[in-house]
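Here is the structure we will look at.
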Amino acid sequence: MIHRRTFLSLLATAAVAPDVSWAQVGTGQADAGRVALYASVGSTLTHYEVDVPGAALHRRDSVTLPANVQYAWPHGSRQYLYVASSTSAPGLGGVVGDQHHVSALRIESSGALTPHGTPMPLPSRPIHLTTDIPSAYVLVAFNNPSALRVYRINGDATLGAEVPQPGAIDAGMFAHQVRVTANNRLAILVTRGNDPAGGKPEDPGALKVFHFRDGLLTHAVSVAPHGGYGFGPRHLDFHPRQPWVYVALERQNKLDMFTLDGETLAPEPRFRTETLARPHHILSRQAAGTVHVHPHGHVVYSVNRADTTTELQGQPVFVGGENTIATYSINQETGEPTLIDHTETQGIHCRTFHIDPSGRLLVAAHLRPLRVLEEAQVRTRLQNVFILYQQGVRRFLLPAFAAENGETLFCVSGIPVRRDIS
């Protein structure tokens, strides 16, 4: 049986609707090696029981949300899950839907999800959400138009009313993520900006840092090196023990490390490093993505994504590029990340990944199926989830794949094929 406070969540799109974005949430503490994993296909969120020591997955049950799942985050008690959904497509210029919600789900002792209260309507597509540390509030980020809103969490963990803010919120350009620091004093909105295109100049990116108290966002500071030009942050994660913040720059394919000092985020990164293995030999549009620090704090991971196509034999075919997870060791004195290696994700455009509470399993999911040229033959590389099994200091890649109908299947048996990297 899965303890209801122990879970790993990975939310994915369906193969039949490849334009819907993916997301993931945090994890609780491991319980006897059993973890609950939640994966979405469109509006369906499915519960899998994960046997961490045995590296096995067992499909259990599903729940349907009001629209395609966008992101999710757990209540601090690990007894509830908040899920954002929308009928809008991601990015600029995509389909604009008219159904946007946050839903509260109860996590039963078996790991099953059941509705908890009525879904709360939102004004536009939610791209990310989080709770504050005590889970008294839900903070929701919107990308188009860029915005940040705060909603109360009632005493019974159902969703409450929006918190009126004392002034206008500077949400930058194309918000992509919001996080609250461990001391619950700061809310950081990650705003990516946009590359110049079609004669339109670059929209600068920034980390919008707010003081956070009683649901109110005040004293906003914009952390934007060089005015935010050439600075396109997409995703950040905090070190579990040190005041270090790791930020993936989507538009520059870089990983930055900023420092926190109480209620201040440093205006410039202390360290910057490449995410790509071949930064001077780019074949496709490359975009850095999700970043996560290992639960033990000794390693940080960042995703590289590519999906540019060309026409071959009348079909769109991947032109090549890096679809990898970059692994960095963390200097425990300075926080500096140093590249260890790049791991192929065995799919196209890894949208998201997460790590189980014990740090032994890394689960990643991909945005879209795509044809690739392999050994002079065009083959379809399907959407998939793969599991990177870590045992001690050894790391192995175990394959996974997707069925033709778009259902994600997991394969966690077979011979480990990754080399020892430590």
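Please find the FRET efficiency linking VAL372 to HIS280, where r is the Cβ-Cβ separation and R0 is fixed at 22 Å, and quote it to the nearest 0.05.
0.45
Taking only the alpha carbons of the stretch 131-210, what extent do you get along each of the three principal axes, in Å, biggest first?
51, 24, 21
Determine the sum of side-chain charges near ARG213: Lys and Arg each +1, Asp and Glu each -1, restricted to other residues whose C-beta is under 13 angstrom from that of ARG213.
Here the count lands on -2.
Using only the alpha-carbon atoms of the stretch 229-333 as identical scatterers, what base-10 log of I(q)/I(0) does the Debye formula give at q = 0.19, 0.22, 0.24 Å⁻¹?
For the stretch 229-333 at q = 0.19, 0.22, 0.24 Å⁻¹, log10 I(q)/I(0) is -0.91, -1.13, -1.27.
Compute, for LEU339, the solvent-accessible surface of its heavy atoms (probe 1.4 Å) with the complete set of protein chains present, and express it in square angstrom to the nearest 10.
80 Å²
Once ligands and nucleic acids are excluded and a 1.4 Å probe is used, how much of ARG60 is accessible, expressed in Å² to the nearest 10?
About 120 Å², rounded to the nearest 10.
Expressed as a whole number of Å, what is the distance separating the alpha-carbon centroids of the stretch 108-176 and the stretch 240-283?
26 Å
Taking H placed 1.01 Å from N in the peptide plane, check which residues at least 5 places from ILE340 or on another chain put their amide H under 5 Å from its amide H.
Result for ILE340 returns THR327, TYR328, SER329.
What figure in square angstrom, to the nearest 10, would you give for the accessible area of SER88 with a 1.4 Å probe?
10 Å²
Using square roots of five times the C-alpha gyration tensor eigenvalues, list the equivalent-ellipsoid semi-axes of the stretch 83-226 in whole Å, biggest first. Working shown, then result.
On the way: eigenvalues 147, 80, 30 Å².
Values for the stretch 83-226, descending: 27, 20, 12 Å.
Leaving ligands, DNA and RNA out of it, report the carbon-plus-sulfur percent of the accessible area of the stretch 197-254 at a 1.4 Å probe. Show your work: numbers first, answer last.
Working: 1310 of 2390 Å².
C and S atoms contribute 55 percent here.
The values are calculated or read from the model by the stated rules, or taken from the named source; none is laboratory data. This is a predicted model, so every value here is computed, not measured. Quick reminder, even Gly has a Cβ in these numbers, built from the backbone with ideal geometry, and neighbours come from all protein chains shown. Surface areas here come from the heavy atoms of the whole protein model, side chains and all, with no ligands, DNA or RNA. Shrake-Rupley method; radii C 1.70, N 1.55, O 1.52, S 1.80 Å.
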